[in-house]
Amino acid sequence: MSNKERYAYAVGRIRAMETRLLDRSKIERMVEARSAEEALKVLGETEYGEYLAEFDSVHGYEAMLDLELRRIYLELRRISPEPELINLFALKFDYHNLKVIFKAHKMGEKRDDLLAAEVGNIPVSELARAVSDDDYKNLPPKMRQAAERLSEAFRVETDPQLVDLWLDHAMYEEILEKADSFDSPFIKQYFTYLLDLTNIKTYLRVKRANRSKEFLEAALLPAGSLDMTKLVQPAEPLEVLVDRLMWGSYSHVIEEGIQSYHKTDMLTRYEKLADDFLIKHIRQAKYLTFGPEPLAAYILAKENELKMLRIVMVGKINRLPTEEIKERLRDVYV
């Protein structure tokens, strides 16, 4: 049996799970509901309904989404013939948790509500112990190196920006290294797209803040297909970036996203278009019978669904206009 054929059972399970993903009409019914309470009633018609009895307020939606995320990762770890595949996509939660814990310990920013418990590969308690003891030897190599470097830097100066910067670099280096082991152009391409789109957004933020070329070089993530430092300089007009990327893979994201950013000074439209671009890529996995790709795509589709539900609920609770909420919605996978 080939490595891809080992996934036959798991892919069969995924096809059944995909039928329960929310379609566009269900999401739009929530958006058009008269209140946040009515929106949750619409959601109660889906598999999320089993959670709703546990909460007596619409503000419980965040805990509901956390429970669903945990359930999905637990289920996928059970059915995947290679647990490392699920661990690859859970890496971001490990690094997120380490950021939260490090800032809490070093800067007094205690925000336990931000922790992604029981989703990552490393128990939160282990990360907390590493930070409190200032002993990172049991962490994965790239995470350990970044944490030790941060600990050393914080002895001289407390700079919260370094926590995100250095841990993000370590995370993507680890992700790219592990993604290579699956011999899947689909998975590798996804992360290349993600890196490129993130680096473009970083460039826009650096330019808006009027920071130096040296700052930009330090802020950009590694190993995307675009070398932003050679492509465009922070001092150049935005039109230069648009012109140079106009005929590439990201043309639609760049043209419309940057036009919106130029008018509003906000990245909301760019972020929505970037997410839609990634969803379009992962939809290719719907036509594959074997291999890790359908599982990877399902994880990303589910995380996209949870992001949309968060957008809807925040919008309804804050009584945002229906059209404004709709503009922020991402494409659905199904």
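A few comments on the model shown:
- Among residues of the stretch 116-138 being in a loop (DSSP other than H, G, I, E, B) and buried (at least 16 other Cβ atoms within 10 Å of the Cβ), the one that is modelled with the lowest pLDDT is Ala116.
- Residue among Arg77, Arg70 that is closer than 30 Å to Arg6 by Cβ, loosely packed, with under 15 Cβ neighbours inside 10 Å and touching a residue at least 24 places away in the same chain (Cβ under 8 Å): Arg70
- Among the residues of the stretch 119-142, the ones that are in contact with a His (Cβ under 9 Å, 6 or more places away or on another chain) and hydrophobic (A, V, I, L, M, F, W, C) come to 2 in all.
- Residue match in the stretch 125-138 (condition: in contact with a helix residue (DSSP H, G or I) (Cβ under 7 Å, 6 or more places away or on another chain) and touching a residue at least 40 places away in the same chain (Cβ under 8 Å)): no
- Residues that are in a loop (DSSP other than H, G, I, E, B) and either surrounded by 13 or more Cβ atoms within 10 Å (Cβ to Cβ) or acidic (Asp, Glu) (or both) within the stretch 48-60 comprise Tyr48, Glu54, Phe55, Asp56, listed in sequence order.
- Reported count of residues in the stretch 141-162, each being within 20 Å of the chain's Cα centre (by Cα) and modelled with pLDDT of 95 or more, is 2.
- Asn304 passes every criterion in (1) in contact (Cβ under 8 Å) with a residue 40 or more places away in the chain; (2) under 30 Å from Ser57 (Cβ atoms); (3) crowded, with 19+ Cβ neighbours inside 10 Å apart from (1).
- Unmet criterion (only one of (1) closer than 18 Å to Leu306 by Cα; (2) under 25 Å from the mean Cα position of the chain (by Cα); (3) touching a residue at least 12 places away in the same chain (Cβ under 8 Å); (4) surrounded by fewer than 19 Cβ atoms within 10 Å (Cβ to Cβ)) for Glu82: (1)
- Taking helices (runs of 4 or more DSSP H) as the structural unit, those lying wholly within the stretch 178-286 and holding at least 1 residues that are surrounded by fewer than 17 Cβ atoms within 10 Å (Cβ to Cβ) and polar (S, T, N, Q) correspond to 185-208, 228-231, 251-264, 268-282.
- Tally of residues being under 16 Å from Ala301 (Cα atoms) and either acidic (Asp, Glu) or touching a strand residue (DSSP E or B) at 6+ places or on another chain (Cβ under 9 Å) (or both) across the stretch 5-56: 3
- Residue, nearest to Arg310 (Cα to Cα), within the stretch 20-47, restricted to residues that are outside any helix (DSSP H, G or I) and free of Cβ contacts under 8 Å to residues at least 24 places away in the same chain: Gly44
- Hey, Arg330 among the basic types (Lys, Arg), within 26 Å of Ser181 (Cα to Cα) and either free of Cβ contacts under 8 Å to residues at least 60 places away in the same chain or not in a helix (DSSP H, G or I) (or both) or not: no
- Test for Gly291: is it part of a loop (DSSP other than H, G, I, E, B) and farther than 25 Å from Asn199 by Cβ: yes
- Leading residue by the ranking (nearest to the chain's Cα centre (by Cα)) among those in the stretch 5-17 that are charged (D, E, K, R) and surrounded by fewer than 17 Cβ atoms within 10 Å (Cβ to Cβ): Arg15
The values are calculated or read from the model by the stated rules, or taken from the named source; none is laboratory data. Everything numeric here is computed off the predicted structure, so don't read it as measured data. When we count neighbours, we look across all protein chains shown, and the Cβ atoms used for this are built from the backbone with ideal geometry, even at glycine.
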